[in-house]
Structures are given as structure tokens and as C-alpha cells.
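Notes follow once the structure below has been shown.
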Amino acid sequence: MRKSFASYAFGCRVNEAEKILIDNKLLSKGYIYNEENPEIFIINSCAVTSKAEHEARQFINQTRRKFPQTKIIVTGCAATQWVKTNQIINKVDQMIVNTDKNNIVQLIEQLDWLLPDRIVSRLTPRNDNPNISKPINSHTYNNSRKNLFSQDKFTNSGRYIVKIQDGCNRFCSYCIVPYLRGKPITRKIYEIIDEINEIGDRAKEIILTGINTEFFGVGNQETLPKLLDEILNKTKIERLSLGSIHPWSINKEFINWYKENTGNSRLVHFFHIPIQSGSDKILQLMNRGYTSQEIMNKLIQIHKINPSALIGTDIIVGFPEESDKEFNETYEFLSISPISKFHIFRYSPRIGTKAIQIEKQAGLVSPRDKIFRSKKLTKLGQQKYQEFINSLVGKSGKSHLLRGFQNNVQAALFINQIPLSVKVNQKRLEGTIENVIIESITNNHVIASEKQV
Ligand code: SF4
């Protein structure tokens with residue numbers, strides 16, 4: 001009889017892409033997706049902060065309470081961390097570490113579900129083959145590239161996430177990811193093109209995602225701009241976006257490429273550039289490898305090329321040695337930068353990272369200060385976002401219609417990924433790409449109407 005399963009991903013878009021890849025593989029093997037009463041529940045966990053790890057534990061407990069008989073399989077960064085540090089997580093039937101994730105379907109199929117003992121997948125050596133889609137045991141899985149695409153959480157809206165690389169060896173001092181995902185591996189351009197063409201008309205938008213885009217193409221003489229060019233030239237995809245672009249990927253070649261392509265209406269003009277701090281001292285302690293001025297220059301160049309491009313970022317507050325002085329530098333940096341969307345994180349120590357040593361010497365920033373700083377930056381972010389959306393009134397561009405529809409207003413994403421409320425005569429098919437003009441801003445909602453061309 002065919003087994004049923006359900007799945008859930010925490011954390012970044014890469015995790016989401018992997019979850020759906022696993023779903024697709026299981027579906028292609030005849031498994032049935034059933035959230036009501038699954039026989040197997042797969043959780044793709046995140047360990048980027050201690051909060052993320054805590055949430056994964058809570059979710060495991062909830063899942064076990066809800067489905068006492070279900071086999072719970074946990075993979076991802078938190079699972080890898082727990083296996084590496086010999087932590088016993090009750091209520092889990094199997095942990096699968098990141099390096100075994102490509103083989104998760106075979107591992108599930110090989111499980112002897114009758115065994116009462118909990119089984120933990122071994123920590124295998126990293127698969128160093130740069131072809132990310134190639135399975136570790138190619139003899140047991142020979143159709144891996146077929147299902148590499150995955151539809152993201154806007155189900156049926158035609159937005160697909162495509163993973164372009166995995167791993168990182170930048171070793172930012174606070175980050176546990178390089179220890180859990182291993183060294184960088186990159187996919188080749190032709191594979192990504194094949195994958196997008198294979199998805200065909202089902203995809204209206206492709207979101208390229210990676211742990212650190214800096215490592216895309218390394219060793220293959222391929223670069224991110226080359227990938228973007230080839231996707232635009234060799235596929236019919238209507239919208240192409242970058243999930244995140246990391247500061248080191250914004251080099252001369254990328255800036256020149258954006259200058260040449262800024263008028264391309266198939267491009268989504270949204271750049272999520274995680275910079276983490278605007279203080280040189282903190283950037284250095286974080287081992288980010290750039291100064292605030294260097295990153296500011298890059299941001300200004302993007303903004304000059306296209307002032308309507310939305311620039312977002314991640315910022316960590318309360319990193320060890322961040323006094324009021326360093327925090328104010330970050331505040332000042334963000335105030336004058338062209339960044340309009342902030343994601344604020346409060347620093348949390350991750351065992352095994354270099355920041356733990358810094359913290360031992362400098363001590364921790366108090367929780368009160370972290371809360372105060374995060375609130376202050378959140379407020380600044382809200383102001384800047386408001387100013388940015390106000391500047392869009394009168395602008396027109398292609399938008400991606402989503403599912404939400406009420407009172408002749410349909411949810412959509414603008415050409416720079418700003419959420420819109422589009423006035424329509426009747427509900428349009430989600431996934432439709434429509435030319436719209438922004439009319440007004442009401443209570444933070446961006447109101448648009450269809451524009452005839
Ligand atoms: S670039 Fe830094 S923060 Fe990002 S995954 Fe690599 S080490 Fe972590």
C-alpha cells in the first residue's frame with residue numbers, strides 16, 4: 001500500500017526548496033501527501049539561531065502529540081547539529097544529517113519501520129562533486145535532476161525556487177552554517193537552464209536561491225551574471241528573481257550587468273543583501289570581509305541604476321562588543337543607506353563558532369539592550385519602507401497576481417516584490433503577470449490598478 005507523508009520546513013528559502021524537492025521525489029515514488037494523518041512526517045530544521053533550534057524542538061513535540069503513530073524524520077541544520085553533538089531528541093524516529101539529505105528518499109525506503117530502536121543516519125563525508133544534483137549513491141538514485149525544482153509557499157502561484165548552490169566557507173564568526181552544510185558546492189548553468197525549461201509553463205517566476213551566492217560558479221568559470229543572462233536568453237520565464245544576493249556577489253561584473261539589464265521587465269528588481277552591521281568594528285569581529293563604506297558604495301550604485309529597486313537586508317543587533325557607539329554607527333548607516341526593508345535579528349550564541357570566544361572576553365550585550373536596539377531599528381525600517389512605497393506612486397510595471405482576492409481586489413507582487421492590492425473587475429488566475437500602475441498608499445497598502453498597454 002502507498003505510504004502517506006507530510007512535511008514542513010523551517011528557516012531559509014534553501015530549506016524550503018529542499019523540502020519541496022523531497023516532496024516531489026516522494027510523490028514521484030507513489031507516496032501520497034496527507035497533512036491530516038500522515039504515516040511519515042519530515043521536518044527540515046534550521047539552526048541559524050538558538051531560537052530556530054528551539055522552534056524545531058517545539059514543532060517536533062507538537063507533531064508527536066498530534067500524530068502519536070506517525071514516523072517523524074528530522075533533517076536539516078538543527079538535526080545535523082544534534083547528531084554532531086550527540087544530543088538525544090526524544091520523539092524522533094530518525095535524524096538525517098545534511099550530507100545525507102540528497103538520499104533521504106532511499107533512506108526512508110530502507111527503514112525497517114518495525115525496529116523499536118531509534119536510528120540515526122551516519123555522518124557521511126561531504127559529496128564533493130560540484131554537481132549538486134548528483135546523489136551520493138548514484139547507483140541507488142538515478143533520476144535526481146528531474147525533480148530538483150520546487151514550488152514555494154505561494155502554492156499554485158507559479159513561483160518556483162531553484163537552488164543554485166549549497167554550503168559556505170566564509171565562516172562569519174557568529175554563524176554555524178558552514179559547520180552544518182559543509183564546504184560550497186555549485187551547480188552548473190546548463191543544469192539550471194534544463195531544470196527551468198523542464199518546469200516550462202508551470203513557472204511564472206523563478207527564485208534563485210543559495211546559502212551564499214558568492215560561491216556560485218566557483219571552479220567552473222561561471223558567474224552569477226552569466227547565469228542570469230543565460231536564463232533570460234535560453235528560457236521563457238516571465239519573472240526572474242534572486243532570493244538573496246550576498247555582499248561579495250555584488251562586484252563590478254554584477255553592477256555592469258545590472259546597468260545593462262535594468263530595463264528588462266522580466267527581472268524582479270528586489271535585492272536582499274544581508275549586511276549584518278553598519279559598524280566597521282563589528283563587521284570585522286563578524287569576519288564579514290568588507291567595511292561599511294565598501295558595502296555602502298555598492299548599495300548606492302544599485303540605487304543609482306534603479307531608484308525603484310527595493311533593497312532589503314538582515315541586521316544582527318547585540319553582537320558581543322556592540323556598545324551604544326557601534327549600534328549608533330549601524331543606525332546611522334541604515335538611515336542614510338538606500339536600504340528600505342530590514343530584518344532584525346538579536347544575536348544568539350552558537351556553540352562551536354568563533355563569536356563564543358569574543359563573547360567570553362567581551363561579555364554579552366544585555367537582553368534589554370538587544371530588545372531596545374532591535375525595536376529602534378524596526379521603527380527606522382518601518383519609516384524607510386513607508387518612504388519607499390510612497391515614492392512608487394505613479395510607477396507602473398509587471399506584477400505577479402497571487403491567490404488572495406476580496407471585494408474586487410487581488411493580491412500581487414510588484415516588479416520589485418512590493419506586495420500590492422490590485423483593483424480588478426473579477427478574480428484573475430493566480431500566476432498571471434499583469435501590467436499595473438500604482439495609484440495610492442492607504443494604511444501601508446499599496447493600491448494599484450490594471451494598466452492597458
Ligand atoms: S556567508 Fe556568513 S552568514 Fe552566510 S552562511 Fe556563510 S558563514 Fe553563514
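The values are calculated or read from the model by the stated rules, or taken from the named source; none is laboratory data. Because the structure is a prediction, the values reported are computed rather than measured. Positions of Cβ are backbone-derived with ideal geometry, glycine not excepted, and every protein chain shown enters the neighbour counts. For accessibility, only protein heavy atoms count, side chains too; no ligands or nucleic acids. Shrake-Rupley method; radii C 1.70, N 1.55, O 1.52, S 1.80 Å.
Key figures
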| read-out | value |
| --- | --- |
| For the stretch 29-99: rounded, prolate or oblate by the Cα gyration tensor [a/c cutoff 1.5] | prolate |
| Simple label model, 7 Å out from Cα along Cβ direction - T378 to N390, nm | 2.2 |
| FRET efficiency, 1/(1 + (r/R0)^6) with R0 41 Å, evaluated for N256 and Q357 via beta carbons | 0.55 |
| The stretch 44-110 and the stretch 191-211: distance between their alpha carbon centers, rounded to Å | 28 |
| Protection-proxy order for peptides 23-30, 273-280, 203-210, each taking the mean of Cβ atoms within 10 Å per residue, highest first | 203-210, 273-280, 23-30 |
| Rounded to whole Å, sorted largest first: equivalent-ellipsoid semi-axes of the stretch 324-367, Cα gyration tensor | 25, 13, 9 |
| Qualifying aspartates and glutamates (Cα of each under 19 Å from Cα of K66; at least 8 residues distant if same chain) | E35, E36, E39, E55, D93 |
| Accessible area (Å², 1.4 Å probe, nearest 10) - Y385 | 50 |
| Value of D in µm² per second that Stokes-Einstein yields for the chain, Kirkwood Rh from Cα pairs, at 10 °C (1.306 mPa s) | 68 |
| Additional length obtainable on full extension of the chain from Q69 to F405, 0.36 nm per residue less Cα span | 117.1 nm |
| Over 30 Å (Cα to Cα) - which of K71/K236; K51/K341; K188/K252; K51/K384 fall in this group | K71/K236 |
| Solvent-accessible surface (1.4 angstrom probe) belonging to F10, in square angstrom, nearest 10 | 30 |
| Cα pair count fraction exceeding 14 Å, expressed as % - the stretch 359-412 | 75 |
| Residues of type lysines that K427 reaches as a straight line, Cα spacing below 17 Å, ignoring anything fewer than 8 places off in the same chain | K451 |
| Residue-normalised accessible area of the chain, expressed per residue, 1.4 Å probe, Å² | 46 |
| Solvent-accessible surface (1.4 angstrom probe) belonging to W82, in square angstrom, nearest 10 | 0 |
| The stretch 378-453 versus the stretch 301-351: alpha-carbon centroid distance in Å | 26 |
| Cβ-Cβ FRET estimate between K281 and K304, R0 fixed at 45 Å, reported to 0.05 | 0.95 |
| Prolate/oblate/rounded call for the stretch 322-449, Cα gyration tensor, a/c under 1.5 rounded | prolate |
| The chain - Cys residues lacking any other Cys C-beta under 4.7 Å | C12, C46, C77, C168 |
| Cα shape, the stretch 199-315, gyration tensor, a/c 1.5 rule | prolate |
| Of every Cα-Cα pair in the stretch 186-243, the percent that sits beyond 17 Å | 32 |
| Beta bridges by DSSP in the chain, antiparallel share as percent, to the nearest 5 | 35 |
| Contact order relative to length of the stretch 319-380, as percent, for alpha carbon pairs under 8 angstrom and 6 or more apart | 56 |
